[in-house]
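Report on the following structure.
Please treat every number below as a calculation from the coordinates, not as lab data. Not measured: the values here are computed from a predicted model.
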Amino acid sequence: MSLSNSLTRAAVVVNSLSTDHAARVLSRLEPDDIKSVLAAISQLKHATPLEVRNSIERFASEAGTEINRRNHVSSNDSANSDSLESKALGYRSVSTTCESELPFSFLKTVDHAIKLQLLQDEHPRNIALVLSCVEPETASDLISSLDPILRVTVLKRICELEELDPEEIAYLGFELKSRLEKLSGLEQEPALGIDVASRVLSGVDETVQYSLLAEIDQADPDMARFLKNSVLVFEDLERLDSDDLKLVLSQLDTSVWAPALKNANSSLQVRIFDVLAEKPAELLALEMDQLAIVDQTSQQSARKTVVKAMLDLSLSGSIEFPKQLAG
């Protein structure tokens, strides 16, 4: 597979990010640009780790060149130029907390035994990189399960880490994901790109989401059909059974649910109040009544928080949505 196209390289980079960070990046683009990147993601086919790494490196180089060009044009405001450059290229200096969880977010839904199988034959430094980027509880469970001699070596490697190279992490993440697919007996198909695109779409604002789906439907109805089938929207709460809906409700405070449900369709509101216990229902109703007006920005922010909770629970297998077109 050739990754020479600039748009394809951008798709590879976005595909390497966690869902939250990919959505955050795409939300800053114009709708036409988002549509182009998502279309490129949906068409990604299997690429070798070397091709992916070269793609990320070239993308970073192009970004740096563009920033230098803009800095030259805006040379009278060097402070702002330095700020712009540091924001765009700051990923080259990621702390050992690895806040962006770049390519390892896919491990969240993998069983402990499979995680251990993926890591135990890796070089100690690679294991240390992974453990530095996953949740502390997960890292503790994994290092406890390693061979006693290996766990000492890995712990030493973690202590020696100073700054992580995101390009190295992205390369390692791609290798682990490829090995995971082989362990599962799966090959990376174009449908994987559609799955990634749908998860990213689930994290953008509703207005952008609906606009993009409508435009993609005009350009490629088949792609739009797959995306609509897997993209989560706020109204999908109504599709959940009572137990799953209760679980989603328990994840967030009424300060989120009140603006999210204000002005929602009556059938969804009735469904939510039906599954709530009496006291929580009273508190939610009271807080909704106190919201005379909810501005669109606040409501969209609250609903995005709800959708993220739905997506996290869905990816972890804690809840399940019936197979039907969303929205």
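Here are the numbers for this structure:
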read-out	value
Rounded, prolate or oblate (a/c below 1.5 giving rounded, otherwise prolate when a/b exceeds b/c) for the range 104-183 by Cα gyration tensor	oblate
Residue-by-residue Karplus 3J(HN,Hα) for the range 269-282, coefficients 6.51, -1.76, 1.60, Hz, glycine and proline x	4, 4, 4, 5, 5, 5, 8, 6, 5, 4, 5, x, 5, 5
Sequence-separation-based contact order of the range 104-183, relative, with Cα cut under 8 Å and 6+ spacing, percent	36
Distance from the range 275-300 to the range 194-265 (C-alpha centre basis), Å	20
Amide hydrogen neighbours beyond the local backbone of Leu276, cut-off 5 Å, H modeled	none
Convex hull volume per residue in cubic angstrom - Cα atoms of the range 234-315	80
